[in-house]
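Below is one structure, written out as C-alpha cells, with a few remarks after it.
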Amino acid sequence: MGVVPSNLLKSGAVEIAKIMKTISGGNVLDVASGDGDFIAMLIDALKDYESFTGIDSNKKEIKKAKKNLAGKSIKIHLMNAEKLKFDDNKFDFVSLANSLHHLENMNEVLAEMKRVLKPGGYFIIQEMFCDGDQTEAQKTDIDSHTLGAEIDNVLGIYHQKTYTKKTIMGIIEELNLREFKVYESSRYVKCFFCSDNQQCEDPLNEDLINFAIKEIEEDIVQLKESSEFERILERKEIIKQNILKYGSAPASILFCIGRK
C-alpha cells in the first residue's frame, strides 16, 4: 500500500476500512456497478469473499466494468435493478455506491436488494452528500455534480442533485436494518489501494484540476442543440473558475452498514 497520505489518515476512511476488513463478504451483489469501481474496492477491502456479481442498466458502463475488472472472476450483468433476476435470500452481501440520486424508483430498487439478501446479510450504501463542513475544493465537486444533474435532466435522464445527510439517512432508515451504523468520511476507502493517492493531498494538483474541468466540458457538449445550452454554459464557466481557484476534491460521503 505504501505511505498513506496524511489527509487520508485523518479521514473517516480509516475506520471504515477497519470495519470492512472484519467482514467476510460471501456471495456479493453490487447494484448499479457502473465502471466496477466499488467492486474493485470491495475486493481489496473485505476480509474475504466467495463470489462477486455486478449489475447495471447501462451497456457502456457494463463494458467499462468488464474491462476494468478483467482477469478477476466476477459476473457482470445488464439488468434492471427494479426487477432483479435473482432468487430470494441469495446473497450474503449487497451494496450500492454513489447511486441513490440516480434512481428514479429508489424504493423498488432498495426493496429488491433487501429481497435477494439473506437474513443476517450485510447491506451497504455509500453516498456523497452536499451539506456539512466541506472545503471549497469539495464544494466545486458538488457544484460539478449539480451541473451534471441539470444536463442529464435536460437530456431526459433522471438524475437528482446531490442529497443532504438528513435525506440520505431518512432513505436508509426506511430499510429497518439491524446493527445499523453510519460513518462519515472526506475520503474514500478505495484511496488506500490507489497508487495515485498522494496527488489527491493537494486539491490544486494540476492533473486533478484538468480532470475536473474536462469532465464538465465533456458533459456540456451534449447540449449544443438545446435551448438550455447558453444558460448551462454560463454555469459551467463559473464552476470552472472556482475549480481553478480552489481546486477539486471529492465531496464527503456517508458509508452506511446494516444487516437484514
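What follows draws every value from the coordinates through simple rules; no lab data is involved. All values derive from a computational prediction rather than experimental measurement. Counting neighbours? That spans all protein chains shown, and the Cβs are built from the backbone with ideal geometry, glycine included.
Of all lysines in the structure, those lying under 16 Å Cα to Cα from Lys10, and not within fewer than 8 positions of it along the same chain, are Lys18, Lys190.
If you stretched the chain out fully between Asp202 and Lys161, how much longer would it get, using 0.36 nm times the residue separation minus the C-alpha to C-alpha distance? Working shown, then result.
Working: separation 41, 0.36 × 41 = 14.76 nm, distance 2.61 nm.
Net length gain for the segment: 12.2 nm.
Distance from the alpha carbon centroid of segment 106-171 to that of segment 183-235 works out to 17 angstrom.
Placing +1 on each Lys and Arg Cβ and -1 on each Asp and Glu Cβ, with no other charges, gives segment 6-259 a dipole about its Cα centre of roughly 860 debye. Each of Leu254, Ile74, Leu223 was scored by the projection of its Cα onto the charge dipole of the chain, and the greatest displacement toward the positive side belongs to Ile74; charges sit on the C-beta of Lys, Arg, Asp and Glu.
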